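Visitor: Handing you a structure now.
Values quoted throughout were computed directly from the atomic coordinates according to the rules given, and no laboratory measurement underlies them. Since the structure is predicted, the reported quantities are computational estimates derived from the model, not experimental observations. Cβ placement follows ideal geometry from the backbone for every residue including glycine, while neighbour counts extend to all protein chains displayed.
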Amino acid sequence: MSNDVFANGREISCKKADGKTICAFPDVCMTPPTSPATPMGVPVPYPNTGMAKDTTKGSKSVKITGKEIIKKNVSHYKTSYGDEAGCATPAKKGIITGTIKGKVYFKSWSMDVKVEGKNVVRHLDMTTHNHKSEIGNESIPWPHVDSMSIDMQKACAADIAKEKTSCADYKPKGDNDVCVDAGLDEGITKSKSWAKSKSISAKSNACIKARRCRLAPYSKKKDGINGCCPAQTADHLIPKSSFYKTTVKKGTKLTGWKNYTASGAPCICAEGGTNTQGTHGLRHTHHKINGPAKGTMVSLESQASLGAKGVTEVFPESNCNEECIKNQLIQGHKKMTSGKNKDAEIKHSPCGTTMDPSELTTQIQTMAPSGAR
């Protein structure tokens with residue numbers, strides 16, 4: 001039986017789903033030493049995984065495929081996996097919570113869809129892992145992923161580790177605000193010179209560069225953690241118009257995409273208030289000049305590949321794994337179609353500025369930090 005029940009265009013998380021939160025990192029636990037010199041153990045960071053099958057305290061009166069639904073601040077996964085080796089002593093395991101295989105709690109949810117008076121959790125909502133008390137041992141939230149493959153986990157592993165290292169001093173792990181440090185804490189100004197200045201600022205900050213590799217739904221709060229910074233634009237790597245027969249304003253969606261929502265679609269954080277300014281504009285130009293004719297019907301996979309290629313070429317300093325970006329796009333959009341429409345086509349729908357490829361390369365270089373030009 002299908003579990004395809006959606007809130008805001010994203011599948012609702014329930015105990016019957018194939019949901020999992022993969023490779024949340026780092027879950028630092030005290031691990032038995034190789035010599036008696038360190039009797040309390042050695043702190044080792046572990047990737048941590050939670051499974052929907054371990055859902056507890058879910059809904060009672062409303063169910064999906066006969067199983068409970070996950071609710072805000074009530075439900076959780078009763079256990080997690082991956083840190084079993086971190087048990088140096090009965091009293092010293094996780095360095096913060098003192099436990100291993102702890103609970104998984106959700107940190108984001110639908111704002112307007114509720115079950116039994118509580119907000120429901122959806123595909124791509126955020127989690128923290130290895131809880132015993134209120135604070136989780138793994139405190140960097142990563143997307144709740146219902147159907148990511150092992151291949152995607154492998155493709156994204158280096159990007160996940162890079163974000164952890166580059167953003168260690170920034171919230172939510174540290175005390176600093178990355179948006180302030182990168183000069184991206186102000187609102188957007190629709191000016192080419194402003195967009196160029198902010199593009200250079202963003203490309204100069206190691207944490208901002210690393211967080212580009214993690215796509216987030218358009219609607220995420222602009223705090224530099226769950227979503228973009230205030231001075232950035234959440235850019236749909238696959239334009240929202242790709243899912244409509246004519247225009248978004250007319251509102252008629254293509255066959256198979258009735259559950260598509262622009263707010264839930266995966267986006268990259270770019271600079272520029274319009275699709276012709278800053279890195280936002282250059283990314284749109286790449287999409288426009290490297291794709292087929294406007295209106296051509298194409299596969300989701302081909303547009304995901306084009307979008308991922310645009311990220312690696314417009315944001316080379318981020319060094320994102322192209323396959324990781326592609327897989328995030330595919331999985332983030334496939335949750336908005338179902339059943340016989342799993343392979344539904346979309347249209348190539350470019351916008352922005354047209355320019356020669358060599359000119360695009362030159363423009364990308366002008367927005368690089370001074371030491372990288």
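Visitor: Name the residues whose placed amide hydrogens come within less than 5 Å of the amide hydrogen of residue 6, ignoring near sequence neighbours (fewer than 5 apart) on the same chain.
Guide: Hits under the 5 Å cutoff: 12.
Visitor: Once R0 is set to 56 Å, what does the formula 1/(1 + (r/R0)^6) return for the Cβ-Cβ distance between residue 18 and residue 185, expressed as a FRET efficiency to the nearest 0.05?
Guide: Working from the Cβ atoms, E equals 0.90.
Visitor: Right, here's the next one. Over all directions, the average projected area of the alpha-carbon convex hull for region 213-331 comes to how many nm²?
Guide: For region 213-331, averaging the hull's shadow over all directions gives 7.2 nm².
Visitor: Something else: Among 207, 282, 234, pick out the residue whose Cα is farthest towards the positive end of the charge dipole of region 161-372, where Lys and Arg carry +1 and Asp and Glu carry -1 on C-beta, about the Cα centre.
Guide: 234
Visitor: Which aspartates and glutamates, on any chain, are close to residue 63 with Cα under 13 Å apart, when same-chain ones fewer than 8 places away are left out?
Guide: Answer for residue 63, where 13 Å is the Cα cut-off: 4, 116, listed by chain and number.
Visitor: Would you order 59, 263 from fewest to most other beta-carbon atoms within 10 Å of each residue's own beta-carbon?
Guide: In increasing order of surrounding Cβ atoms, one gets 263, 59.
Visitor: Distance cut-off 18 Å, Cα to Cα: go down the list 154/326; 72/164; 249/347; 162/203; 250/326; 71/107 and report the pairs above it.
Guide: From 154/326; 72/164; 249/347; 162/203; 250/326; 71/107, over 18 Å: 72/164; 250/326.
Visitor: Let me ask something additional. Between residue 322 and residue 289, what FRET efficiency comes out of the Förster formula 1/(1 + (r/R0)^6) with R0 = 25 Å and r the beta carbon distance, rounded to 0.05?
Guide: 0.85
Visitor: Now for a different question. Between their Cα atoms, which of 258/340; 15/103; 221/342 are more than 23 Å away from each other?
Guide: As for pairs spanning more than 23 Å Cα to Cα, those are 221/342.
Visitor: Using +1 at the C-beta of Lys and Arg and -1 at the C-beta of Asp and Glu, which of 291, 189, 263 has the Cα lying farthest in the positive direction of the dipole of region 161-372?
Guide: 263
Visitor: About the Cα centre, and with charges only on the beta carbon of Lys, Arg (+1) and Asp, Glu (-1), how big is the dipole of region 161-372? Nearest 20 debye, please.
Guide: Here the size comes out at about 960 debye.
Visitor: Relative to a virtual label point 7 Å from the Cα of residue 296 in the Cα→beta-carbon direction, which members of region 332-356 show backbone nitrogen distances below 19 Å?
Guide: Correct set: 344-356.
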